[in-house]
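I have placed the structure first, in the form of structure tokens, so that the comments after it can refer back to it.
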Amino acid sequence: MTEEKEEKIICICTHADDDPEKAAMPFVMANAALAMDVKALVALQGNGVYLARMGYVDNLLPPGGFSPLKKLIADFLELGGELKVCVPCIKSRNIQESDLIEGASTTAAGVLITESLAADVVYNY
């Protein structure tokens, strides 16, 4: 008997309020995947790490035609999405791990590469 491989996507987000629409897209795609029973991981790198800082998305305007980032991220986590935040990126922006929202965990390049190799597709925004 062969075991069916679990489908998985990874969305890498490198934007925050510098491009709210690009910041929203990883969560839009990941939420759609989760609704289709596809495992989803969003990795925040570069300016994208700001999205995981407590309070950061609370007052951002809705990006493009999408729901506010606060809702997109909350829905993502509630649906069981995995949120990874780049350690060197938060350190260079003076963000502490204790400043991150509940549900976010830190990661480094090696883990993300391993996750990417196991994923069916990787999107980069």
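The values are calculated or read from the model by the stated rules, or taken from the named source; none is laboratory data. What you see is a predicted model, and the numbers here were worked out from it, not measured in a lab. So basically every Cβ, Gly included, is an ideal-geometry build from the backbone, and we count neighbours across all protein chains shown. SASA here: full protein model, heavy atoms, side chains in, ligands and nucleic acids out. Shrake-Rupley method; radii C 1.70, N 1.55, O 1.52, S 1.80 Å.
Observations on the structure shown:
- Single condition D17 does not satisfy, out of (1) outside any loop (DSSP other than H, G, I, E, B); (2) open to solvent by 20 Å² or more (accessible area, probe 1.4 Å): (1)
- Residue satisfying all of: in region 39-56; among the aliphatic types (A, V, I, L, M) and open to solvent by less than 20 Å² (accessible area, probe 1.4 Å); farthest from S105 (Cα to Cα) among these: A40
- Those residues of region 104-115 which are closer than 16 Å to K39 by Cβ, within 16 Å of the chain's Cα centre (by Cα) and open to solvent by 50 Å² or more (accessible area, probe 1.4 Å), in sequence order: V111
- Of all residues in region 57-68, those being of a type outside the set (A, V, I, L, M, F, W, C) and open to solvent by less than 40 Å² (accessible area, probe 1.4 Å) number 1.
- In region 77-102, residue farthest from the chain's Cα centre (by Cα) [restricted to those that are closer than 19 Å to S116 by Cα and open to solvent by less than 30 Å² (accessible area, probe 1.4 Å)]: C89
- When each of L72, L83, L60, L41 is tested for being part of a strand (DSSP E or B), among the aliphatic types (A, V, I, L, M) and either touching a residue at least 60 places away in the same chain (Cβ under 8 Å) or out of contact with any strand residue (DSSP E or B) (no Cβ under 8 Å at 6 or more places or on another chain) (or both), the lone residue that passes is L41.
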